[in-house]
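Worksheet: the structure to be examined is printed underneath.
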Amino acid sequence: MIVPAGGRENAINVNAPRINQRGGICSVLDLKTEKPSYENLEQHTAALEREIYRIKRAEKMLRRQNEYLTALHETSLGLIDRLDKEELLEAVLQRAAMLTGTEHGYIYLLDSGENQMQMRVGMGFFKGQLGRRVKRGEGMGGSVWETEKALLVADYRSWERRLRDPVLDDLHSVVGIPLKDRHRVHGVIGLASVKPGRRLKQEDVAVLGRFAELALVALDKARLYAEARRELTERKRTEATLRESEQRYRLLLESSPDPIVVYNIKGQATYVNPAFEQTFGFSSSELMGKNIDFVPPKNWPETKVAIERMLNGKKIHLFETRRLTRAGRVLDVQLSSTLYNNSRGEPAGNIVTLRDISAQKKAERQLRKYHDHLEELVEARTAELAKINTQLEQEIEERKKAEDALRKREVELQAQSHHLAEVNTALKVLLKQREDDKKELGENVLSNVNQLIAPYIDRLKKSRLNTNQKTLIDILDSNLNNMISPFIIKLSFKYFNLTPMEIKVANLVKEGRTNKEIAELLCLSKNTILFHRHNIRRKLNLKNKKINLRSHLLSYDK
């Protein structure tokens, strides 16, 4: 080492390595062999400065790497303690933001419908954006989702694919990384800067990529935890259901009125219900784990066949056989049996339900006896009915003959009836003709009297007659009225209760007499005749109608 006049601080180590322009050691200066020039010393000093800068930079990178590894380690440890998905993702985002020197970060997660992503975690600027949804290709989150690659935007405000929301105008540098496994993208994690001079770099992208992997681990852990909780809940629910079902079926077996016995695969009884004990007289304690010997010898063959059928997978349903009680009494029973399996699906035993049908069988025997007796009665009754049927056939034959005679007589009566109907019709025609002739005669008589006799009698009454003549005229008028009175009554009825004078006027009108002629014949004034004509039209309902009175009166004779 050479120590110049300036002191030890300015001493030059002659054994110091020579540094090349790239910062590497190229040679060693040795003052014993050569004397360094000023240019050499200046180059050597510059190389040392570059080496010092490189070392400081390496130290900074090592320090940053150490902080990064420490953050990853602490975040990984934090994932162990946390179970909530939101808390796990928030812890990952906070560590990533701290390492990159920003306070603003977000995490999008895919919705259940997988057609949108929703911002579920937000820091700093993005805390007010929680709940924002984006579709594939929209904004930073949608673009990363679409490309499935990391994306770094230097200036979000001028980025062409940004979301057109004025709230997002404060964003500058933004980065997003997909939360992707081998199958699909589950979400997007990202960081941002709101300061114009602060830009995120590629090394920030690399750091964020590591934390994206931790975020995926957190999502998997949360999913596994949720599945475990769901499975545990389902298992507890299943166990509760099984306990409830077991209790319900046990209650059903206990309350069943039919005897029930449960066998294992060896044919040993593992359960009998109270109805079995009551019906067969065996107690549960003396039967448990034993074969129940209550099959009569005569019924063993059919019982063995039924057991073989059951073991072959066929159900035994309403099989009728016999069983013995403890007291030795034989019962007619109806038996149903089915296999049940263990947890491995192998046959573990069978459940047998028995029903005491002894009373039913006794009733059937009595019914059969009664049926046979009824058959005998039916046969006897059938023979009697056959005899009666023969008699009825004879009576029917006789009745047919009588019906033939009646039909013949009916034909004759119909012919006589037809003849009588024709005679009756002829008589009706004759009677009608007689009535018409009688009516015509009465009208003619009445008309002749009124025209040829009555006017003259009235004139005679008004002429100068002595007392005897007047008396004779009155007698003549009275007798004449008595003769024509039946015709006058009929005409009055026909003319709707007209007065006698109105009838006289009506007859003269019908004969075509004028008002003056009628007045002279009846010795009345013309106004009186007009008054009677008015009353006649009113009673015949011809008032205010343009109908000729004489034509109307003549219509009554038709």
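Bear in mind these aren't lab numbers, they're just calculated from the coordinates by the rules spelled out. Worth saying up front: this structure is predicted, and the values here are computed from it rather than measured. As a convention, Cβ positions derive from the backbone with ideal geometry for all residues, glycine included, and neighbour counts pool all protein chains shown.
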Next on the checklist: Please give the charge dipole size of region 257-356, origin at the Cα centre, charges +1 on K and R Cβ atoms and -1 on D and E Cβ atoms. Round to the nearest 20 debye.
Outcome noted: 200
Checklist outcome for this item: Counted neighbours (other Cβ, 10 Å), sorted fewest up, put Glu397, Glu87 in the order Glu397, Glu87
Checklist entry - Of all chymotrypsin sites (Phe, Trp or Tyr not before Pro) in region 144-208, which ones are in loop regions per DSSP and have a Cβ with at most 12 other Cβ atoms within 10 Å? => result none
Next on the checklist: Run the reach check for Lys462 against lysines, Cα to Cα strictly under 20 Å, same-chain hits fewer than 8 apart removed. What comes back?
Outcome noted: Lys470, Lys504, Lys516, Lys526
Checklist outcome for this item: Straight-line reach check, Lys438, cutoff 17 Å on alpha carbons, 8 or more apart in-chain or any other chain, hits among lysines -> Lys428, Lys490, Lys494, Lys558
Checklist entry - For region 83-229, what is the relative contact order in percent, using Cα pairs closer than 8 Å and at least 6 residues apart in sequence? => result 24
Next on the checklist: Treating only the Cβ of Lys, Arg, Asp and Glu as charged (+1, +1, -1, -1), what charge dipole size does region 449-555 show about its Cα centre? Round to the nearest 20 debye.
Outcome noted: 580
Item to check | Only Lys, Arg (+1) and Asp, Glu (-1) charged, at Cβ; region 141-201 dipole about Cα centre in debye | outcome: 220
Checklist entry - Please identify the trypsin sites (Lys or Arg not before Pro) of region 129-218 that satisfy two criteria: DSSP loop assignment and at most 16 other Cβ atoms within 10 Å. Which are they? => result Lys135, Arg136, Lys149, Arg161, Arg164, Arg182, Arg184, Arg198, Arg199, Lys201
Next on the checklist: Calculate the FRET efficiency for Lys387 and Val411 from the Cβ-Cβ distance with a Förster distance of 56 Å, rounded to the nearest 0.05.
Outcome noted: 0.90
Checklist entry - Say R0 is 22 Å: what FRET efficiency, to the nearest 0.05, do Asn535 and Leu476 get from their beta-carbon distance? => result 0.15
